[in-house]
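Report on one structure; see the data block that follows.
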Amino acid sequence: MAEPQELQLSIIETNGAKDKNPNGDTESDAVKNTNPNGDAEDFPYELSNTIKNKKRYQRWLRIALYVVCVLLGQSAATLLGRLYYQEGGNSKWLGTLVQLVGFPILLPLYFIPASKHPSATNTINNHEQSSISKRAIVYVFLGLLIALNSYLYSVGLSYLPVSTYALICSSQLAFNAAFSFFLNSLKFTPYIMNSLVLLTVSSVLLVFHTDPSSGSTQASKHKYMIGFICTVAASAAYGLVLSLTQLAFKKVFKKDSFKVILDLIIYQSLVSTMVILVGLFASGEFRSLKEEMKDYGMGKASYVLNLSFTAITWQVFSVGCVGLILEVSSLFSNVISVLGVPIVPILAIVIFHDKMNGLKVISLLLALWGFLSYIYQQYLDETNSKTLQHTNNDASSRDSQNGISGQVETGHIDSKSPRNSLK
């Protein structure tokens, strides 16, 4: 009888050791699988870090792509709009319409396969859904605001010199920062403040470069005041649009997919386009469009191409702008937009043969400095987030190890385990 009892006790001890590690590993193996120190056999931890790093790189790749869309789209659209008025275009409603009417070219983007892994965005919850009525209200309200904003910008561009227009447009950064402070809980850091100051100063310098050949039209004092007021109001409206868009992503849409970006751009553009079309026909400007095309300085074909590519480039800008709001923030999207303000005179040197002076060079350098300052703040935020994540992982791993060690020391065996039924 002694031998069967010893055999039974041996089986119980063996099964009990297995119950402490259900995966059949030894104690050292269990610790090794939860060790975050980067050991060669720490497959789960390394796999998790690989996935997180891949998502981080993909996010920054998307941000870089959106930045290119904003800079190229805004620069090209501004130059084309300037060319329209310079060569004899006079319709402000048409100048506004081309900023909005190009949204149908984005429809094929719906057929791009969606990513299986949603992007990491700090402010969006993918599990909650908003009602159709709430989304419709957002589309209509933003569409009306964008229609007003676009028309005011068109009036300003037609009445003001480009340098003055660029100066006033830079104020949208201050408006956006103020709205983001109240609507998006923006925290001002020294690097963000430095970026805002530098980008604003870089645009302010452009006002001292007054070249009659590099503007829209020489306006009277009355028209100058109208253009000034309209551009200030448009800058405030644009800053509000960006902050409200970020707030809508957080409170209403609660998704971070590219489809949401397309929905927002297309539906709000549809609303704003309908509003501008009503204004175009109600004002009677549509009657003079045929004559305007005939008298266009570069010919009818150039007139059509100008308006067509202006519509396309504004949509490229819209995709980049909304994408940056989704991936980072509305303020960052505005910083990139203001960065493009000094780029326009640089491109004008090649296209319109404008002269380059010291103020333009200084303005460009200050804009780049401000941009890099904001990018560095984003880098610090990313590094702090990564450090905090590693700290949390280390704490979780230590708790797991302490739990395993405690079970080994106390000899605790789960009485409900099937292997203990031999008792």
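Output ³J(HN,Hα) for region 287-302: one whole-Hz value per residue in order, computed from phi by the Karplus curve 6.51 cos²θ - 1.76 cosθ + 1.60 with θ = phi - 60°, and x for Gly and Pro.
Running phi through 6.51 cos²θ - 1.76 cosθ + 1.60 with θ = phi - 60° gives 6, 9, 5, 5, 5, 5, 5, 5, 8, 4, x, 9, x, 5, 4, 5 Hz.
Distance in nm between label sites at Ile51 and Leu107, each 7 Å beyond Cα in the beta-carbon direction?
Going from the Ile51 label point to the Leu107 one covers 3.8 nm.
What FRET efficiency would be calculated for the residue pair Arg287, Val201, taking the C-beta separation as r and a Förster radius of 60 Å, to the nearest 0.05?
For Arg287 and Val201, the calculated efficiency is 0.85.
Based on the Cβ-Cβ distance of Asn194 and His222, what FRET efficiency does E = 1/(1 + (r/R0)^6) give at R0 = 51 Å, to the nearest 0.05?
Calculated transfer efficiency: 0.85.
Dipole of region 46-385 (Lys/Arg Cβ +1, Asp/Glu Cβ -1, origin at the Cα centre): which of Ile105, Leu152, Ser195 lies farthest to the positive side?
Ile105
What is the spin-label model distance, in nm, from Leu305 to Val350 if the labels are put 7 Å beyond Cα along the C-beta direction?
1.7 nm
Charges on Cβ only, +1 for Lys and Arg, -1 for Asp and Glu, centred on the Cα centroid of region 46-385; of Val260, Ser180, Tyr224, which one is farthest towards the dipole's positive end?
So the residue we want is Val260.
Would you mind pulling out the separation of the Cα centroids of region 223-265 and region 132-186, in Å?
Computed from Cα coordinates, the inter-centre distance equals 6 Å.
Using the 10 angstrom Cβ neighbour count as an exposure proxy, how do Trp60, Trp93 rank, fewest first?
Exposure proxy ranking, most exposed first: Trp60, Trp93.
Give me Ile325, Ile192, Ile226, Ile51 sorted ascending by neighbouring Cβ count inside 10 Å, so fewest comes first.
Fewest-to-most Cβ neighbours within 10 Å comes out as Ile51, Ile226, Ile192, Ile325.
Go through 145-152, 80-87 and give me the packing order, highest mean Cβ count within 10 Å leading.
Top of the packing list down: 145-152, 80-87.
Summing +1 for each Lys or Arg and -1 for each Asp or Glu, what net charge is found among the other residues whose Cβ lies under 14 Å from the Cβ of Val319?
0
Sort the following peptides by mean Cβ neighbour count (other Cβ atoms within 10 Å, averaged over residues), highest first: 178-184, 236-242.
Top of the packing list down: 236-242, 178-184.
About the Cα centre, and with charges only on the beta carbon of Lys, Arg (+1) and Asp, Glu (-1), how big is the dipole of region 46-385? Nearest 20 debye, please.
580 debye
Each reported figure results from applying straightforward, stated rules to the coordinates on display, with no laboratory input. The shown structure was predicted, so the numbers you read here are calculated from the model rather than taken from an experiment. Please note: Cβ atoms are built from the backbone with ideal geometry, for glycine as well, and neighbour counts cover all protein chains shown.
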